[in-house]
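Below you'll find the structure, written out as structure tokens, and then a few comments.
The values are calculated or read from the model by the stated rules, or taken from the named source; none is laboratory data. In this text the structure is predicted, and so the values were computed from the model without any measurement. Cβ: placed from backbone, ideal geometry, glycine included. Neighbour counts: every protein chain shown.
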Amino acid sequence: MTPPDRPTLGVGLIGHAFMGAAHSQAWRTAPHFFDLPLHPELTVLAGRDRDRVTEAAARLGWASVETDWRRVVERDDVGLVDVCTPGDTHAEIAVAALEAGKHVLCEKPLANSVAEAEVMAEAAARAAARGVRSMVGFTYRRVPAIGLARRLVAEGRLGQVRHVRAQYLQDWIADPSAPMSWRLEKDKAGSGALGDIGAHVVDLAQYVTGQAITGVSAVLETFVRQRPLPASAGSLSGVAGEGMGEVTVDDAALFLGRLSGGALASFEATRFALGRKNAIRLEVNGSEGSLAFDFEDMNVLEFFDGTEPAERAGFRRIIVTEPEHPYVAAWWPAGHGLGYEHGFTHQVVDLVTAIAKDEDPAPSFAAGLQVQRVLDAVERSAANRSTWTDVPA
Ligand code: SOE
């Protein structure tokens, strides 16, 4: 039920696989826990196959379906288009939606190339001049412990940041018999572990420190170059069928980086870290303190206060479940903890709030473009056998 005093925002979601389901959950849940200035309505879900999209819409709570995303962009009852398709379609859909005057939320990475991301960022800037807003979905920024980490750095509790150690470790294709999926095809995904999960830690390192990556030296590797074709799609890699397909993206990306404030950083993104399921690890060392985060223990932030007397100093585990922590007050009584899906809900809350205030939400498409430039510099460096490669400003 829409609160009587609240204008509505009709949402059209394109795509209903893993990310589509996560975004649906966020749109459904946000108004039940947060006092939103606009009431989101789950107006329409789009997917190419009518039977599948109809089933998904019923399961995920959408009022209607379309089998062509262009219809979503044209509909008068849609005010915001949420893009949850593979990367090869982001630019076309997002630019069409912005030009039609719809606000846009687009999954990460923003695009499959710098050229596409530039077109998107230009369209976003033109649209913003008309009050039409856009945001790229670097969801993990909205984990409360990450918000707290950024706050501690901004308050100077770490002093001068010297080191960032960032890893995103998964293992869902460590088994060579795991089948092909669109995430393993360059045409559809742009890159492999680099863009899919490396993009998240690039964003997090920059978000938490407030510093931009200015240059990189990188290696990329594809360990398994052929995989069974899928018999059926699953939420990530599906069920193996007949025949083999070519893996055309990286399985792992490792790189060193320099940050604009003088810090040195290392990055690792892989889907071959057996036993590591969704380990986003970030450690920051400064002149006055350090902090450490691991998404596999996502309600905890470790903090070392280097100003404490040495005899008592030590990493402390801050359980990030208190109303004083970012986003937490809206949820459960203190101490009860959040999970993977809450970041998506916080993303929707921040986006809707910015739209209502007529402000540009963050991260903008321009921020998505900057991450794309880092990913591109990583690929160029790796192709040139780790030659140091500046990231264009
Ligand atoms: C697969 O590696 C994936 O679903 C990513 O695409 C998401 O961005 C990440 O949140 C979880 O893992």
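Quick notes on this one:
- Residue in region 141-148 that is under 13 Å from residue 208 (Cα atoms), within 15 Å of the ligand (Cβ to nearest atom) and touching a strand residue (DSSP E or B) at 6+ places or on another chain (Cβ under 6 Å) present: no
- Set side by side, the residues 110, 105 differ, and just one is within 16 Å of the ligand (Cβ to nearest atom), in contact with a Phe, Trp or Tyr (Cβ under 9 Å, 6 or more places away or on another chain) and not assigned by TED's automatic domain parsing to the domain that holds residue 216, which is 110.
- Restricting region 27-80 to residues that are within 23 Å of residue 95 (Cβ to Cβ) and among the polar types (S, T, N, Q) leaves a set whose member that is surrounded by the fewest Cβ atoms within 10 Å (Cβ to Cβ) is 67.
- Residue list for region 82-102, filter: among the small types (Gly, Ala, Ser) and within 15 Å of the ligand (Cβ to nearest atom): 87
- Residue check for residue 234: at pLDDT below 95, surrounded by fewer than 19 Cβ atoms within 10 Å (Cβ to Cβ) and part of a loop (DSSP other than H, G, I, E, B): yes
- The criterion of at least 2 residues that are without any contact (Cβ under 8 Å) to a residue 24 or more places away in the chain and under 30 Å from residue 194 (Cα atoms) is met by none of the strands (runs of 3 or more DSSP E) wholly inside region 3-87.
- Under the condition of being in contact with a Ser or Thr (Cβ under 7 Å, 6 or more places away or on another chain) and more than 12 Å from the ligand (Cβ to nearest atom), the residues counted in region 191-202 number 0.
- Of the candidates 67, 29, the single residue that is out of contact with any Ser or Thr (no Cβ under 8 Å at 6 or more places or on another chain) and either over 22 Å from residue 349 (Cα atoms) or not hydrophobic (A, V, I, L, M, F, W, C) (or both) is 67.
- Residue match in region 375-393 (condition: under 28 Å from residue 157 (Cα atoms) and of a type outside the set (Gly, Ala, Ser)): no
- Listing of strands (runs of 3 or more DSSP E) fully contained in region 256-373 that carry 2 or more residues being touching a residue at least 60 places away in the same chain (Cβ under 8 Å): 264-270, 279-286, 289-294, 300-305
- In region 115-161, residue surrounded by the fewest Cβ atoms within 10 Å (Cβ to Cβ) [restricted to those that are without any contact (Cβ under 8 Å) to a residue 12 or more places away in the chain and not assigned by TED's automatic domain parsing to the domain that holds residue 324]: 129
- Some residue of region 39-50 being at pLDDT 95 or above, within 16 Å of the ligand (Cβ to nearest atom) and farther than 18 Å from residue 72 by Cα: no
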